[in-house]
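I have placed the structure first, in the form of structure tokens, so that the comments after it can refer back to it.
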Amino acid sequence: MALLMVGANAFAPSNFGVTRPSSTAMYAKYNTIEEILALFPDDKPVLINFYDAGIEDDIKNDIVTLKRVMEGRASVCSAKTQDYPELAKLWDATDVSPTMILFKDGKPVKRILGEYHFLEVSAKIGPLCE
């Protein structure tokens, strides 16, 4: 399991203006969405990007750019469905990759299927992150 900080693939808050969790926490296996959401500040939404390993190279740059674009408005993290199959199945994120779910106040408020270009994604979640 790796990190999607700049090119890897697990849970990690953007390192722009945010204190990084310990490396032990960053490599931990999470069992619930609540455990993941607890890694991020409570005052802004969290976008979780569930993706299949087969598209990792295609989406990597857009996800890193999306983190920068949404800095201060939302946290963005990624979970490879192969590393978190139970969570992906529970959140119906296994059929279309990527499946992105925006959580606000701990609840899902927006789902984006099959899109990953940072401009498209930021346009869809931006109004919910004000």
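The values are calculated or read from the model by the stated rules, or taken from the named source; none is laboratory data. As the structure is a prediction and not an experimental result, all values here were calculated from the model. Using ideal geometry, Cβ is built from the backbone for each residue, glycine included, and neighbour counts are taken over all protein chains shown. Surface accessibility is based on the protein's heavy atoms, side chains included, excluding ligands, DNA and RNA. Shrake-Rupley method; radii C 1.70, N 1.55, O 1.52, S 1.80 Å.
Here is a check on your reading of the model: is Asn9 of a type in the set (S, T, N, Q) and either open to solvent by 60 Å² or more (accessible area, probe 1.4 Å) or at pLDDT below 95 (or both)? It is true that Asn9 is of a type in the set (S, T, N, Q) and either open to solvent by 60 Å² or more (accessible area, probe 1.4 Å) or at pLDDT below 95 (or both).
Among all positions in the stretch 44-61, there is at least one residue which is aromatic (Phe, Trp, Tyr) and at pLDDT 90 or above. With respect to Asp105, determine if the residue is open to solvent by 70 Å² or more (accessible area, probe 1.4 Å) and out of contact with any Leu (no Cβ under 7 Å at 6 or more places or on another chain). Spelling it out, Asp105 is indeed open to solvent by 70 Å² or more (accessible area, probe 1.4 Å) and out of contact with any Leu (no Cβ under 7 Å at 6 or more places or on another chain). Summed over the stretch 67-82, the residues that are in a loop (DSSP other than H, G, I, E, B) and not aliphatic (A, V, I, L, M) give a count of 5. Is it true that Thr81 is in contact (Cβ under 8 Å) with a residue 40 or more places away in the chain, open to solvent by less than 80 Å² (accessible area, probe 1.4 Å) and among the hydroxyl-bearing types (Ser, Thr, Tyr)? No: the conditions fail for Thr81. Looking across Glu34, Glu120, Glu56, one residue alone is part of a helix (DSSP H, G or I), of a type outside the set (A, V, I, L, M, F, W, C) and exposed (fewer than 12 other Cβ atoms within 10 Å of the Cβ). It is Glu34. In the set (1) surrounded by 15 or more Cβ atoms within 10 Å (Cβ to Cβ); (2) small (Gly, Ala, Ser); (3) more than 19 Å from Gly54 (Cα to Cα), Ser97 fails one condition alone, (3). Return yes or no: is Phe50 of a type in the set (A, V, I, L, M, F, W, C), open to solvent by 20 Å² or more (accessible area, probe 1.4 Å) and within 13 Å of the chain's Cα centre (by Cα)? No, not satisfied.
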